[in-house]
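The values are calculated or read from the model by the stated rules, or taken from the named source; none is laboratory data. Keep in mind it's a predicted model, so treat the numbers as computed, not measured. Here Cβ is always computed from backbone atoms with ideal geometry, including for glycine, and neighbour counts include all displayed protein chains.
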Amino acid sequence: MKLSLQEFLAWKNKSITLLGMSGVGKTHLSKIMRRYNWFHYSGDYRIGTRYLDEAILDSIKQEAMRVPFLKELLRKDWIYIRNNIKVDDLGPVLSYVGKLGNPELGGVPLEAFQQRQAQYRQAEINAMRDVPEFIRKAREIYGYQHFVNDVGGSLCDMEEPGVIDLLAEHSLILYIQATATDEEAELVRRAQDDPKPLYFRPAFLRQQVQAYLLEQGLRYTAQMDPDDFTRWVFPRLFRSRLPHYEAIAGPLGYTVTSLEVAQVRDEADFLALLELAISRKQPD
């Protein structure tokens, strides 16, 4: 959605999609806006509670059934297992998507990892296709005036153009950019300290796995340390996504920096930042 500054100021029910790598401040902004009559739609929360919920539970039950004591309890329906996914804690989704590598070190075998990656991709596409309906629900059912769509960092890698077009039709896309070297390093640190589910384009994953195996002198993914591979690949994933973000934000959205986002303290600051982003694209 492209708007003039005047059109934005007159926009009664604002809908904003926040685009950018994990750690740039999307959820930070969304949590602030929740205090000011903004509905916070978390793409990853929708994925975990709607589109991957059953797969996550099946995975947990499969592990539980390996324990004789729990197996008996589950088969007799004396206990049940459920997810407890929160907007601020996506642990079950992270656990299910997993990390590629040696199963004895907590990794997921290559074939299973690729299957889960495909599931995660489809789940994110479905969650984004739900956005227009949730914009309506937020206003008509829950009484929120405005809507913020907090999308996963992998949206730019979904390779599903129709989804981006849909979001651009129903919301203003705001790309949060990290450009300076120190900002990039901070994002890598945050990703390591507070990991989120990661999606890799299949061709990118194949390329990076081969490079890692060669560099480490390994022959199989089952020999890889999953934590080490994740730390190794994240900076490369970050850099690979930058042109994809730019390709979306250039024609369809607006751009601010993560440093500018870090200065936002309330709704007035957020609206001022949006106005600044729009004014930068206004013809002189």
### Task
Could you check Val256 against (1) surrounded by 19 or more Cβ atoms within 10 Å (Cβ to Cβ); (2) part of a helix (DSSP H, G or I); (3) of a type outside the set (S, T, N, Q) and say which number it fails?
(2)
### Query
Is it the case that the range 121-137 has a residue that's of a type in the set (Val, Ile, Thr), modelled with pLDDT under 95 and either outside any strand (DSSP E or B) or on the phi > 0 side of the Ramachandran plot (or both)?
no
## Note on the structure
Residues in the range 78-111 that are aliphatic (A, V, I, L, M), outside any loop (DSSP other than H, G, I, E, B) and over 27 Å from Arg219 (Cβ atoms) total 2
### Query
In the range 1-29, which residues are buried (at least 21 other Cβ atoms within 10 Å of the Cβ) and either in a helix (DSSP H, G or I) or touching a His at 6+ places or on another chain (Cβ under 7 Å) (or both)?
Ser15, Lys26, Leu29
#### Entry: Every residue from the range 43-77 that is among the β-branched types (Val, Ile, Thr), over 30 Å from Cys156 (Cβ atoms) and part of a helix (DSSP H, G or I)
Ile60
### Candidate set: the range 72-81, residues that are surrounded by 10 or more Cβ atoms within 10 Å (Cβ to Cβ) and within 13 Å of Ile60 (Cβ to Cβ); chosen: the one modelled with the highest pLDDT
Leu74
### Message
So, in the range 64-115, how many residues would count as being of a type in the set (D, E, K, R) and more than 29 Å from Gly25 (Cβ to Cβ)?
### Response
9
## Note on the structure
Taking the range 64-116 and keeping only residues that are among the polar types (S, T, N, Q) and in contact (Cβ under 8 Å) with a residue 40 or more places away in the chain, one is left with Asn102, Gln114
### Query
touching a residue at least 60 places away in the same chain (Cβ under 8 Å), under 14 Å from Tyr245 (Cβ atoms) and either out of contact with any Ser or Thr (no Cβ under 8 Å at 6 or more places or on another chain) or buried (at least 19 other Cβ atoms within 10 Å of the Cβ) (or both): does that describe Ile135?
no
### Task
Go over the candidates Arg241, Arg236 one by one and state the one that is touching a Gly at 6+ places or on another chain (Cβ under 9 Å), under 16 Å from Gly153 (Cα atoms) and assigned to a helix (DSSP H, G or I).
Arg241
